[in-house]
Amino acid sequence: MTQKRKNRGQTSPNGEVVQAFLSRFPNTASKTLAEMIYKEHSQLFTDVEHARSRVRYYRGALGKKNRNRIIEKEHFRVTDTFNPFNLPEPDESRQVLPYKLPADWNNALILSDIHMPYHDLPALTAAIEYGIKNKVPGIILNGDTMDFFAASRFAKDPTKARLGEEIEQAQEFVKTLSRLFKKKLWKDGNHEERWKKYLWTKAPELTGVEIFELENILRLEENGWLYVDSRAEIHVGQHFTIVHGHEFARSPYSPLSPARSLFLKYMGNAICGHHHIRSHYDHPAGQGGVIDTWSTGCLCLKRPEYASINGWDHGFAHITRESDNDFHVRNFKIIDGKIYEG
C-alpha cells in the first residue's frame, strides 16, 4: 500500500513533458499542443491522440475522478467549481487560436497570393528587391503562396496539373527567401488547404503522417521559418491583425473595396490578401481614434483561365512598428514591375 501511494505521487516521463509544454503554452488548444508535443517527443507517446489525452488529463478535462488523482492543479482548465454538474468535457480539437507574432518582429514585408507556379516574375521580383534594398529583415508569406492546382476540387486540365513540379518550386523558393531574410513566416491560405483536404479525401491514411504535412514537405522548420495554420489570424502587437482573408465564417469579399468589407467583418485594424485587389479603408472609432484596414494586391499572373478578365492588382505591403501599441503600413502597387505608393 505504501509503495502504491509513492508511485501515485510520481510523474511519468511523458507527464513531465506535457506539463512543461502546458507551462510554456497555457492558452494553446489541446489538439494543437498535442501535435507539438508528439512532433518533438514521439518516443514517449503511441500517437497524437495519446498525447492529447495526457494534455486533457493535466488540464483536468477527463472527469472528476481523474482530477482527484492530480496533486498539482496549476494547469487545470476544468474544476469541480467550474463544472459542478460534471457535464461532458468539450472537445477543443476543432478550435483554432490566434498566433501572436513575436515582439522582435518590427519590420517585415507582407506578400500574399503568389500562387506558385503561376506567379508573376516581374512583380514578385520587385517586391523582394524592395525588401533587400530597404534592408527589411522579415518576410511574411500571407497565404496562397502555392496554388495546388492539381489538388483542386474543381474540374481541371490534367496536362497542367503538375503537383511534383509545384512542390519542387516552392521548396526552392523557401530556400531562396531563407538566404535573403533573417526572419521568415509562412501562413497557409485557402489554396494550401487544398493539400490537406486532398489527403483527407484521397489518402486519409496519410493524414497526420509527418512527412506528408506541408510544413515538413517544404522543410520550413529546418530553414528557420515560423508556421501558422490557415485558419489562425496573426496578432501583431495589441492593435493590428494579419489575415489571409478566407478565415471568416462568411466571405468578406467586396467587389469595390475588400478593405471596407474586412472592416465590416473584423471591426479592427487589419490587413488581408485573398482578393488580389489593393485597397484601404478607414473609419472613425470611439474616443477620437481611427480603424484602418487594408487589402494587398497579388503577385500571381493576372489572366488565369478561370478569370481571364478581372480587376486584380499586383502589390505587397510593408509593416513597421516601434512598440506593441503602434504600427505603420505601406501598401504598394506594382505596375509593369515598378512599385508605386499612394
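Observations on the structure shown:
- The numbered conditions (1) open to solvent by 40 Å² or more (accessible area, probe 1.4 Å); (2) among the aromatic types (F, W, Y); (3) within 24 Å of K182 (Cα to Cα) are all true for F82 except (3).
- Cβ-Cβ distances below 8 Å connect the following pairs, each with a first residue in the stretch 187-213 that is more than 25 Å from I139 (Cα to Cα) and of a type in the set (F, W, Y), a second residue that is open to solvent by 30 Å² or more (accessible area, probe 1.4 Å) and not in a helix (DSSP H, G or I), and a separation of six or more residues or different chains: W200/T207.
- Test: residue in the stretch 184-198 that is within 22 Å of V48 (Cβ to Cβ), of a type in the set (A, V, I, L, M, F, W, C) and modelled with pLDDT of 95 or more: yes
- Candidates K135, K73, filtered to the one that is at pLDDT 90 or above and in a loop (DSSP other than H, G, I, E, B): K135
- Every condition in (1) surrounded by 13 or more Cβ atoms within 10 Å (Cβ to Cβ); (2) modelled with pLDDT under 95; (3) not hydrophobic (A, V, I, L, M, F, W, C) is met by D144 except one, and the failing one is (2).
- In the stretch 218-249, the residue that is farthest from K175 (Cα to Cα) out of those that are among the aliphatic types (A, V, I, L, M) and in a loop (DSSP other than H, G, I, E, B) is A249.
- Pick from the stretch 265-299, criterion part of a strand (DSSP E or B) and of a type in the set (A, V, I, L, M, F, W, C), ranking: most open to solvent (accessible area, probe 1.4 Å): V290
- Every residue from the stretch 41-79 that is of a type in the set (D, E, K, R), more than 27 Å from the chain's Cα centre (by Cα) and open to solvent by less than 70 Å² (accessible area, probe 1.4 Å): R67
- Taken over the stretch 226-240, the criterion of being touching a helix residue (DSSP H, G or I) at 6+ places or on another chain (Cβ under 7 Å) and open to solvent by less than 60 Å² (accessible area, probe 1.4 Å) is satisfied by S230 alone.
- Contact annotation: residue pairs with Cβ atoms under 8 Å, 6 or more positions apart or on different chains, pairing a residue in the stretch 294-307 that is farther than 25 Å from A270 by Cα with a partner that is at pLDDT 85 or above and in a loop (DSSP other than H, G, I, E, B), are L301/H115; L301/Y118; L301/D120; R303/N310; P304/Y118.
- With respect to the conditions (1) open to solvent by 10 Å² or more (accessible area, probe 1.4 Å); (2) over 24 Å from Y130 (Cα atoms); (3) touching a residue at least 24 places away in the same chain (Cβ under 8 Å), L262 falls short on a single one, namely (1).
The values are calculated or read from the model by the stated rules, or taken from the named source; none is laboratory data. Nothing here was measured: the structure is a model prediction, and the numbers come from that model. Positions of Cβ are generated from backbone atoms using ideal geometry, with glycine treated the same way; all protein chains shown enter the neighbour counts. To get the accessible areas, we keep the full protein, side chains included, count just its heavy atoms, and leave off ligands, DNA and RNA. Shrake-Rupley method; radii C 1.70, N 1.55, O 1.52, S 1.80 Å.
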